[in-house]
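The block underneath contains the structure these notes are about, expressed in structure tokens.
FYI, it's all coordinate maths here, none of it is from the lab. These figures come from a predicted structure and were not determined experimentally. Cβ: placed from backbone, ideal geometry, glycine included. Neighbour counts: every protein chain shown.
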Amino acid sequence: MRRNKGKNKRKVVIRIFIIILFIIFLLGIIYISTYISSSMKDKKDSENILSNVVVEEEQITETKTEKMLELEELKKENEEIIGWLEIEDTKINYPVVQTTDNDFYLTHNYKKEKSSAGSLFLDKDFDLENGSSNYLIYGHRSTRGLMFEDLMKYAKKDFYENHTKIKFTTEKEDAIYEILAVFYSRVYYKSEKNVFRYYFFVNAETEKEFNDYVANAKKASIYDTGVTAEYGDQLLTLSTCEYSQEDGRFAVVAKKISNNDINQNEKITQ
């Protein structure tokens with residue numbers, strides 16, 4: 001009797017173990033399926049965003065480029081779309097959004113739908129109406145190559161040398177920015193002193209504050225671009241996560257060099 005009870009007990013334990021394994025397997029399948037489905041949706045949502053945006057050729061003028069008009073049309077889907085960012089030979093070719101906090105678009109796409117890839121978004125403190133010194137734009141990195149994953153290409157100087165320009169379009173202008181610094185950083189503790197917290201710089205209150213930002217960016221740069229900026233120049237800073245250190249960051253800083261007079265067929269890499 002005791003042997004039979006022992007055997008029955010073992011059978012029950014084995015059955016429970018098998019059931020647990022099956023549940024774990026099933027949950028794994030559901031997770032993988034959900035991840036794949038979400039990834040495919042994120043990828044689809046990030047490609048051909050402007051495919052349904054129609055701009056008539058006669059609408060294009062010296063002060064309104066095709067991209068500016070496309071942006072106006074796209075803005076009808078979401079009024080928080082404020083610009084379009086493009087870097088040649090990368091997948092960075094996306095709308096930029098802005099809202100009242102820096103959290104929402106970490107988990108939502110430009111249509112305000114839930115998305116693990118998030119969106120490229122402008123820091124909430126940038127004054128779109130009156131202008132600020134620095135367009136500080138954030139974006140996730142993604143193993144699927146979405147958002148700011150390709151920003152890491154600038155870690156190699158040879159890529160930079162062939163892609164020194166960034167195109168950033170707003171409703172007001174279609175502008176070209178020239179890169180002046182590329183650097184690694186991290187989110188610093190409050191107790192740390194004399195560190196370069198580039199992620200706090202949106203508007204310069206003084207000329208010294210502007211010059212200090214540029215000087216610190218140049219000093220931190222992993223290679224010399226030979227480019228600098230002067231007080232009054234419009235800056236653009238692109239920021240993403242970097243995983244070689246805790247709370248690591250990777251940033252590219254550029255200054256505006258031209259707008260609205262760009263040949264639409266001209267490459268923006270040189």
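Max-minus-min Cα coordinates of region 47-259 on each principal axis give 52, 36, 35 Å, with the largest extent listed first. At an R0 of 45 angstrom, the distance between the Cβ atoms of Asn102 and Ile19 translates into a FRET efficiency of 0.50. What's the local net charge at Tyr188, with K and R +1, D and E -1, over the other residues with C-beta under 12 Å away? Summing Lys/Arg as +1 and Asp/Glu as -1 gives +2.
Evaluating 6.51 cos²θ - 1.76 cosθ + 1.60 at θ = phi - 60° for every residue in region 140-156, the Karplus couplings come out as 5, 9, 9, 5, 8, x, 8, 6, 9, 4, 6, 4, 5, 4, 6, 5, 9 Hz, glycine and proline recorded as x. Close amide-amide hydrogen proximity is noted between Tyr223 and Val182, each under 5 Å apart and 5 or more residues distant or on a separate chain (H modeled in the peptide plane; Pro and chain starts excluded).
Relative contact order of region 77-174: what whole-number percent is it, with Cα pairs under 8 angstrom and at least 6 residues apart? RCO, region 77-174: 28 percent. The gain in end-to-end length when the Val54 to Ser258 segment is fully stretched comes to 70.9 nm, 0.36 nm per residue minus the alpha carbon separation.
Relative contact order of region 148-270: 38 percent, from C-alpha pairs under 8 Å at least 6 residues apart in sequence. For region 181-251, averaging the sequence separation of C-alpha pairs within contact (under 8 Å, six or more residues apart) and dividing by the residue count gives a relative contact order of 49 percent.
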